[in-house]
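What follows is a short report on a single structure.
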Amino acid sequence: MEISSLFSAKAVAQADPQVADRALARVGITREALADPASTVDVSQHHALFGALAEPERPDIGIHMRTSASMRCEDFGTLGLTMRSAPDLRGALTRLDRYVRLFNRYSVFALSDFGSEWWWTNSRGADSDGARLSHEAGLGTFLTLWRDANGEDLTPARVQFMHQPVGSLAPLEALFRCPVTFGAEIDAIVLRSEDLDRPNRVGDRHIWEFLRGHLEESIAGTEEDHLDRDVLVYVADTLSEGVPRLEDVARHLGIGSRTLQRRLSDLGHSYQSLVDEARREVALRLVAEGRQSLVEVAFLTGFAEQSSFTRAFRRWSGTTPRKYRETSSRMPAGVLGQATLAGQRLRA
């Protein structure tokens with residue numbers, strides 16, 4: 001799977017030239033390849049590059065945060081201009097999980113509403129130090145772009161990562177300017193609800209809507225862009241009847257089951273990972289909302305036994321459903337209904 005060469009090029013620009021040359025040679029990327037803004041890099045090479053660039057800086061690794069800090073909205077073409085022209089931060093985040101796939105089809109980003117907080121998450125795990133640094137840089141890049149559009153004083157409530165620290169916390173705390181924790185269930189920038197209504201510095205609704213139209217056209221012809229979303233929506237909408245078989249989902253989408261598996265693999269997913277994601281999002285939302293009993297939530301998310309649901313929920317959230325309900329802020333009324341959070345977001 002590949003991502004835009006922009007991210008590797010920005011990282012190389014933040015390194016000592018000799019360190020950069022050695023790292024590029026080590027991972028098999030040329031400077032010429034990075035010079036073309038339309039080119040892509042295999043994600044495994046990008047992760048290896050981050051690891052190689054960071055090695056001389058241990059333990060005070062800062063290259064990934066310098067890379068994030070160097071990003072600007074204009075680096076991302078129409079996507080960046082759309083974020084900057086949005087009337088407020090909420091507008092800048094609208095459909096961002098979908099639009100960002102023009103640059104990064106590897107990570108799985110989502111925006112989730114927890115009432116008093118909004119979480120911008122990346123549910124893709126990291127299996128190397130280079131990948132972990134890349135994931136930290138990814139969330140750092142988003143915050144940098146939001147600040148570029150909204151104002152330098154934008155500060156999250158907190159930031160969290162699934163992995164353990166790779167190096168010193170100081171560079172991360174300097175960029176994020178908020179508590180940074182590790183060993184979480186999911187990578188996330190946690191924003192206060194009121195922050196999403198902050199007006200952008202040069203927001204213009206008419207320009208924003210015009211540019212969003214161009215983004216929609218840019219991704220409309222990419223059939224695979226919708227496949228994982230279509231699977232998530234169908235699974236989420238049918239969970240109360242039990243987890244659908246892959247064959248049933250493929251039949252619903254009008255393709256063969258082997259074709260579905262192959263195309264999901266090309267997008268970096270397995271069918272089971274999407275089932276787990278659908279269950280997680282539905283469960284977190286229903287438990288926080290508090291309208292159904294925990295037994296009903298277990299049933300609605302396709303669990304035959306309450307104990308199995310509780311174990312899965314602890315894995316998703318780090319706590320039990322009961323404690324999560326007690327500590328979670330109430331969701332706005334009337335948002336969920338039969339449609340799930342996944343379905344709402346992915347249909348948008």
Single unsatisfied condition, Glu247 versus (1) without any contact (Cβ under 8 Å) to a residue 12 or more places away in the chain; (2) touching a His at 6+ places or on another chain (Cβ under 9 Å): (2)
Neighbours by Cβ (under 7 Å, 6+ apart or cross-chain): first from region 150-169, under 10 Å from Arg132 (Cα atoms) and in contact (Cβ under 8 Å) with a residue 60 or more places away in the chain; second open to solvent by less than 30 Å² (accessible area, probe 1.4 Å) and outside any loop (DSSP other than H, G, I, E, B): Val166/Leu133
Residue selected from region 258-282 under the condition more than 15 Å from Tyr234 (Cα to Cα) and part of a helix (DSSP H, G or I), by the criterion most open to solvent (accessible area, probe 1.4 Å): Arg258
Odd one out for Asp60, checked against (1) farther than 29 Å from Val282 by Cα; (2) acidic (Asp, Glu); (3) assigned to a helix (DSSP H, G or I): (3)
Given (1) closer than 23 Å to Pro171 by Cβ; (2) part of a helix (DSSP H, G or I), number of the condition Glu32 does not satisfy: (1)
Per-region count, region 42-56, residues closer than 10 Å to Leu133 by Cβ and among the charged types (D, E, K, R): 0
Conditions (1) surrounded by 16 or more Cβ atoms within 10 Å (Cβ to Cβ); (2) closer than 25 Å to Arg84 by Cα; (3) at pLDDT below 90: number failed by Ala220: (1)
Answer residue from region 286-319, given it is free of Cβ contacts under 8 Å to residues at least 60 places away in the same chain and of a type in the set (Val, Ile, Thr) and is most open to solvent (accessible area, probe 1.4 Å) among those: Val295
Residue within region 254-266 that is out of contact with any strand residue (DSSP E or B) (no Cβ under 8 Å at 6 or more places or on another chain), in contact (Cβ under 8 Å) with a residue 40 or more places away in the chain and not β-branched (Val, Ile, Thr) present: yes
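For region 193-217, what are the residues that are charged (D, E, K, R) and surrounded by 14 or more Cβ atoms within 10 Å (Cβ to Cβ)?
Keep residues of region 193-217 that are charged (D, E, K, R), which gives 194-195, 197-198, 201, 204-205, 209, 212, 216-217.
Once the filter is applied, which keeps residues that are charged (D, E, K, R) and surrounded by 14 or more Cβ atoms within 10 Å (Cβ to Cβ), region 193-217 yields Asp195, Arg198, Asp204, Glu209, Arg212.
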Selection from region 225-246 of residues that are open to solvent by 30 Å² or more (accessible area, probe 1.4 Å) and under 25 Å from Met1 (Cα atoms): His226, Asp230, Tyr234
When residues of region 291-321 are limited to those that are of a type in the set (D, E, K, R) and modelled with pLDDT of 90 or more, the one farthest from Trp119 (Cα to Cα): Glu296
Strands (runs of 3 or more DSSP E) lying entirely in region 93-190 (those with 2 or more residues that are open to solvent by less than 10 Å² (accessible area, probe 1.4 Å) and closer than 22 Å to Ser8 by Cα): 117-122
Tally, over region 27-75, of residues that are open to solvent by 50 Å² or more (accessible area, probe 1.4 Å) and of a type in the set (Val, Ile, Thr): 2
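The values are calculated or read from the model by the stated rules, or taken from the named source; none is laboratory data. Small disclaimer: the values here were computed from a predicted structure and weren't measured. For neighbour counting, all protein chains shown are included, and Cβ atoms are generated from backbone atoms with ideal geometry for every residue, glycine included. Surface accessibility is based on the protein's heavy atoms, side chains included, excluding ligands, DNA and RNA. Shrake-Rupley method; radii C 1.70, N 1.55, O 1.52, S 1.80 Å.
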